[in-house]
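As structure tokens, the structure follows; a few thoughts come after it.
The values are calculated or read from the model by the stated rules, or taken from the named source; none is laboratory data. Here the structure is a predicted model, which means the values were calculated and not measured. All Cβ positions, even for glycine, are placed from backbone atoms using ideal geometry, and neighbour counts span all protein chains on display.
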Amino acid sequence: MFVTKNLYQNDEAWKSTALGNSSETIGSWGCLLTSVTMMLNGIGYNETPATVNEKMKKAGGFQGALFIPSMLPYVWANCAYKDMQNCETTPAPIAYIDEAVAAGKPVILQVDWNKQQGLQTHFVLVKEKKGDDYSIYDPYKYGGDAPDKEVLLTSRYKYNGAKLATEISAVLWFENYSIASPEPPKQNQVPLPAEKFVVYAAEDDLALRAEGSVTGYLWKRLLKNTELISLESKDKTKAKLGVQGQWLHVQDSTGQQGFVAAWYVVDKKVSASTSTTTNSSVPQPSSSPVPSTSPTPSRSPSPAPLPAGALALYPTTQISLRTKPIVASDTLIRYIDPSEQLISLESAEQAIPKIGVENQWVKVKDSKGKEGYVAAWYVKYAGGSTAQANNSVSSSDGAIKVKTTAEGVSLRNRPIVMDSTLLKRVPIGYEFTIAKAGDEVKIGKNNEWVKVKDTTDEGYIAAWFVRR
């Protein structure tokens with residue numbers, strides 16, 4: 001259950017306020033803004049839609065009226081935006097939503113608020129599971145609504161079958177580090193060195209912490225190219241830059257002091273080609289903005305044709321393509337958005353064990369034909385053509401057998417690539433029996449999953465990594 005106070009976008013106090021950098025109003029189009037405000041208050045903050053609107057404008061969190069959730073951590077450090085999962089054409093991931101809500105995590109859902117043909121987007125915050133429905137915090141106040149009156153999702157939004165799996169057209173996933181923001185530690189200000197040495201954040205989302213550790217209190221998150229003054233000597237600073245496991249004591253432009261991971265810090269501003277980035281002083285979202293005024297949701301990218309045997313990947317956020325598997329100003333080739341397909345230049349046997357694993361890198365080719373390295377922990381499978389459909393092979397009892405076509409293929413308890421879904425990895429040539437009638441038609445297809453079983457487990461395997 002996620003606990004917060006219900007707020008309404010059409011509250012008299014702010015309904016006429018301009019939404020973001022547009023002429024639209026919070027009252028008319030501020031459902032996502034208001035849902036996010038309720039979410040922030042549930043993890044320890046005290047905001048209104050008007051204050052969140054103003055702070056996000058200052059942080060570059062709007063494109064016109066479009067709200068950019070990936071900018072939230074730069075304003076509220078206790079909030080982490082993970083992803084937006086589109087499910088307009090597929091069933092909503094109810095089991096995952098249930099798990100998050102049961103754990104007290106915030107989940108925002110996109111629904112259709114009008115019976116007109118097409119999707120008229122509206123965003124709501126989940127409170128708790130109620131039978132086969134969700135009790136929600138609805139940011140739009142209808143007649144008779146009150147903070148103490150329960151609203152069930154499919155009772156109010158029922159234009160696509162009145163079932164959770166079909167009424168939910170997208171899911172916004174969030175994490176938070178604590179329900180109540182921890183007390184900040186006392187800090188003694190360190191005087192600036194006589195010889196000023198300036199360094200820069202090499203990536204977005206760089207954490208400024210009270211201690212040189214990932215467990216240190218998080219003061220704030222910094223955008224790429226944020227200027228920092230090193231509080232250590234020039235020689236000591238240079239020795240740490242780009243070195244994994246080293247932390248650097250710094251001060252930002254506001255006078256805030258703390259520690260940053262030295263392996264994400266460089267001594268020159270990071271530049272990129274003008275075709276892929278804008279002025280570095282303008283905050284850039286790490287993923288596509290979420291429409292809060294348009295009824296047209298973002299759709300999954302259409303994959304390009306793959307060479308035989310290739311492994312296709314997509315970034316989970318905006319990532320860097322680099323000449324070497326090292327974060328440094330001189331290794332950056334360009335930035336890649338989540339909608340761009342990448343082709344692994346490593347064999348499936350080499351690449352598969354790295355995907356989603358921190359501190360691993362994969363060599364890829366981008367859509368422009370450029371080759372380089374990307375962080376494996378920021379990419380996911382899109383598909384592949386390693387599997388070749390042969391004549392059907394059945395056992396004596398009619399069951400269809402399939403074999404894996406690569407090393408380290410994952411068997412998962414759900415057809416989604418996440419750490420929590422992994423049951424085990426199996427070697428090339430491992431044999432499974434298809435456990436669901438009709439799944440044999442998926443064999444070898446990109447973006448499909450086959451339900452299988454062996455002597456000990458039953459689960460799902462990527463259809464593009466099996467053959468008959």
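Here are some notes:
- Summed over region 43-68, residues that are at positive phi and surrounded by 20 or more Cβ atoms within 10 Å (Cβ to Cβ) total 0.
- Selection count where residues are without any contact (Cβ under 8 Å) to a residue 60 or more places away in the chain and either assigned to a loop (DSSP other than H, G, I, E, B) or touching a helix residue (DSSP H, G or I) at 6+ places or on another chain (Cβ under 8 Å) (or both), scope region 242-254: 8
- Cβ-Cβ contacts under 6 Å between residues 6 or more apart (or on different chains), taken from a first residue in region 205-232 that is within 26 Å of residue 194 (Cα to Cα) and in a strand (DSSP E or B) to a second residue that is modelled with pLDDT under 85 and of a type in the set (Phe, Trp, Tyr), are listed as 208/219.
- Test: residue in region 126-140 that is modelled with pLDDT under 90, closer than 30 Å to residue 219 by Cβ and assigned to a strand (DSSP E or B): no
Residue by residue, here is whether (1) among the aromatic types (Phe, Trp, Tyr); (2) touching a strand residue (DSSP E or B) at 6+ places or on another chain (Cβ under 7 Å); (3) within 13 Å of residue 34 (Cα to Cα) holds:
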{"position": "44", "(1), (2), (3)": "no, no, no"}
{"position": "48", "(1), (2), (3)": "no, no, yes"}
{"position": "55", "(1), (2), (3)": "no, no, no"}
{"position": "60", "(1), (2), (3)": "no, no, no"}
{"position": "65", "(1), (2), (3)": "no, no, no"}
{"position": "81", "(1), (2), (3)": "yes, yes, no"}
{"position": "84", "(1), (2), (3)": "no, yes, no"}
{"position": "87", "(1), (2), (3)": "no, yes, no"}
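- Extreme residue, surrounded by the fewest Cβ atoms within 10 Å (Cβ to Cβ), among residues of region 186-238 that are among the acidic types (Asp, Glu) and under 17 Å from residue 77 (Cβ atoms): 211
- Condition check for residue 436: assigned to a strand (DSSP E or B), modelled with pLDDT of 80 or more and basic (Lys, Arg): no
- The set of residues from region 358-385 being touching a Phe, Trp or Tyr at 6+ places or on another chain (Cβ under 6 Å) and either part of a loop (DSSP other than H, G, I, E, B) or modelled with pLDDT under 55 (or both) comprises 358, 383, 384.
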